[in-house]
Amino acid sequence: MNPIDIIIVDDHLLFSQALNGLVSNFKEFNVLTVLINGKELVNYLSQKNQKPQIVLMDIQMPVMNGIETTKWLKDNHPEIKVLALSMECDEPTILAMLRAGAKGYLLKDIHPDILQHALNEVHSKGFYYTEIVTNSLLNTIDNPNAKETFLKERELEFLKLACTENTYKQIADIMCLSPKTIENYREALFDKLNVKTRIGLVLYAIKEKIVIL
């Protein structure tokens, strides 16, 4: 069985070299190269014939950051899966990476075993979200009956808008509803879909193909 090719994109040299050594020791993976920003990745893919199957992507990088690079990959090499690996754990950053096309999001302080498992899951299943979602969300994602959950028309409209960059107040304006009503929609969907955060709503919508990001 051929190894799964990986490219690491991270501007912190000590971390990226340590990550290179770690991933190279996973028997099922092969690190093609380590790059320091998205621009280097764009140049590499335009010059080399060998393409990675997964890119381990940092977010805060000079020249071309992880969000910009992930968007570029989705537009130009959609077959390459991005697994974000970052110190950033705030919801707006995570949502931005998911909207850009990342298939998973990990924090840099994870255990090596989790990283290896995440890489395998992204390769085989196409996504890995356990570091940023609750167990209840994972149950929703893996539950074959989840797509049968009935959503009312206005709930579906709200869910789609929740997957945009609009704030809840802006969503209320778009739907011509009060912020309190929007809050009620949000809480109702949290309960109905068994999730606890806006990230959970977005991941559910992606998984069930309610939105295509």
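Descriptive notes on the structure:
- Between residue 153 and residue 49, the simple label model (points 7 Å from Cα in the Cβ direction) yields a spacing of 5.6 nm.
- Inter-label distance, nm, simple model (7 Å from Cα along the C-beta direction), residue 89/residue 75: 3.3
- Between region 81-105 and region 12-43, the alpha-carbon center distance in angstrom: 18
- Compactness relative to 2.2 N^0.38 Å, alpha carbon Rg of the chain: 1.08
- Accessible area of residue 7 (1.4 Å probe, protein heavy atoms only, ligands and nucleic acids ignored): about 0 Å².
- Under 5 Å between amide hydrogens, built in the peptide plane, is the criterion, and for residue 61 it picks out 66 among residues at least 5 positions away or on other chains.
- Note that the chain presents 51 Å² accessible area per residue, ligands and nucleic acids not counted, probe 1.4 Å.
- Magnitude of the charge dipole, the chain, Cβ model with Lys/Arg +1 and Asp/Glu -1, debye to 20: 440
- Nearest 10 degrees, 0 to 90: helix 66-76 Cα axis against the chain principal axis: 90
- Within straight-line reach of residue 152, meaning a Cα separation under 17 Å, sit the following lysines at least 8 residues removed in sequence or on another chain: 160, 192, 209.
- Rounded to the nearest 10 Å², the accessible area of residue 124 at probe 1.4 Å: 80
- Between 0 and 90°, nearest 10: helix 13-24 axis offset from the chain longest Cα axis: 90
- For region 1-127, convex hull volume per residue from C-alpha positions, Å³: 97
- With a Förster radius of 25 Å applied to the C-beta separation of residue 2 and residue 209, the computed FRET efficiency comes to 0.25.
- Between 0 and 90 degrees, the angle of helix 179-193 with respect to the longest Cα principal axis of the chain falls at about 60 degrees.
- Simple Cβ-charge dipole of region 1-125, Lys/Arg +1 and Asp/Glu -1, about Cα centre, in debye nearest 20: 400
- Gained length - residue 22 relative to residue 176, 0.36 nm times residue gap less alpha-carbon distance: 50.3 nm
- Fraction of accessible area attributable to carbon and sulfur, the chain (%, probe 1.4 Å): 51
The values are calculated or read from the model by the stated rules, or taken from the named source; none is laboratory data. From a predicted model like this one, the values you see are computed outputs, not experimental measurements. In this analysis, Cβ positions are derived from the backbone assuming ideal geometry, glycine residues included, and neighbour counts consider all displayed protein chains. Ligands, DNA and RNA are excluded from the accessible area calculation, which covers all protein heavy atoms including side chains. Shrake-Rupley method; radii C 1.70, N 1.55, O 1.52, S 1.80 Å.
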